[in-house]
Amino acid sequence: MALTIGVLSDTHFADPFEGAGFFRRLCESCFADASIILHAGDLVHPDALLGFGDCPVYAVRGNMDPSARELPLRRVVEIGPFRIGMIHGWGAPEGLEERVLAEFSDERLDALVYGHSHSPVCHLRKGLLLLNPGSPTDRRQAPTHTVGLLDVGETLTGRIVSLD
């Protein structure tokens with residue numbers, strides 16, 4: 001099994017049509033090979049996810065998102081033998097990684113996808129892949145607009161992709 005997962009967060013689309021158009025363009029470019037999409041929250045308007053068409057999308061609720069049954073605060077997605085935790089995050093950027101890790105302290109995970117800071121992160125911590133894709137629409141202090149990709153095969157690896 002070899003597949004690519006597109007990962008994004010903090011898109012902040014209040015207009016679902018603008019968001020859906022942006023997501024369609026992602027699917028034609030850096031997410032062209034993606035079989036699954038993970039969105040780590042702050043969609044703002046969940047209907048924007050319709051821009052991904054038939055591609056399966058797993059999302060979590062961010063601090064800017066409305067409460068909705070289809071947007072849990074945290075979730076675990078199983079892809080083949082791999083377990084991927086998802087959460088948005090909260091609070092100041094300092095200590096964010098520790099806070100999101102603590103939310104999954106009772107879970108066996110291979111990767112943890114999170115957002116909130118708008119700053120891309122992709123590294124291993126004690127064998128756990130941590131991936132914050134940054135933001136494709138609001139880079140704040142990050143040098144570029146970014147998304148993430150997870151490559152699933154015999155192993156699970158991640159990378160950050162600049163859109164600029």
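Could you state the per residue volume, in Å³, of the convex hull enclosing the Cα atoms of the stretch 1-92?
Residue-normalised Cα hull volume stands at 102 Å³.
Counting DSSP beta bridges in the stretch 20-155, what percent are antiparallel, to the nearest 5?
55
Share of antiparallel DSSP beta bridges in the stretch 81-153, in percent to the nearest 5?
So the antiparallel bridges in the stretch 81-153 amount to around 45 percent.
Can you give me the Rg/Rh ratio for the stretch 6-47, using Cα atoms for both radii and the Kirkwood formula for Rh?
Taking Rg over the Kirkwood Rh, I get 0.95.
Please report, for the Cα atoms of the chain, the Rg to one decimal and the Dmax as a whole number; what are they, in angstrom?
14.2, 41
For the stretch 93-164 and the stretch 1-54, write down the distance between their C-alpha centroids in whole Å.
16
Most fluctuating residue of Gly134, Gly91, Gly51 in a GNM of the chain with Cα springs under 10 Å: which is it?
Gly91
Answer with one residue from Gly158, Cys55, Leu26: the one whose Cα lies farthest towards the positive end of the charge dipole of the chain, charges on Cβ with Lys, Arg +1 and Asp, Glu -1.
The Cα lying farthest towards the positive end belongs to Gly158.
Per the 1.4 Å probe, what fraction of the accessible area of the stretch 1-132, in percent, lies on carbon and sulfur atoms?
Carbon and sulfur: 53 percent of the exposed surface of the stretch 1-132.
To one decimal place, what orientation-averaged projected area in nm² is obtained for the convex hull of the Cα set of the stretch 41-127?
6.5
How much accessible surface does Glu70 have with a 1.4 Å probe, in Å² rounded to 10?
120
If the viscosity is 0.890 mPa s and the temperature 25 °C, what Stokes-Einstein diffusion coefficient in µm²/s follows for the stretch 26-65 when Rh is the Kirkwood radius over Cα pairs?
It diffuses with D of about 230 µm²/s by this estimate.
Rounded to the nearest 500, what is the 222 nm mean residue ellipticity of the chain from helices alone, with -39500 (n - 2.57) per DSSP H run of 4+ residues and division by all residues?
-4000 deg cm²/dmol
Sort 76-83, 3-10 for me by packing, meaning the mean count of neighbouring Cβ atoms within 10 Å per residue, highest on top.
3-10, 76-83
What translational D, rounded to a whole number of µm²/s, comes out for the stretch 73-164 from Stokes-Einstein when the hydrodynamic radius is the Kirkwood one over Cα pairs, at 4 °C and 1.567 mPa s?
Taking Rh from Cα pairs, D becomes 97 µm²/s.
The values are calculated or read from the model by the stated rules, or taken from the named source; none is laboratory data. Owing to the predicted nature of the structure, the values given are computational and were not obtained by experimental measurement. Note that each Cβ is placed from the backbone with ideal geometry, even for glycine, and that neighbours are counted across all protein chains shown. Each accessible area value is taken on the protein alone, full model and side chains, heavy atoms only, with ligands, DNA and RNA left out. Shrake-Rupley method; radii C 1.70, N 1.55, O 1.52, S 1.80 Å.
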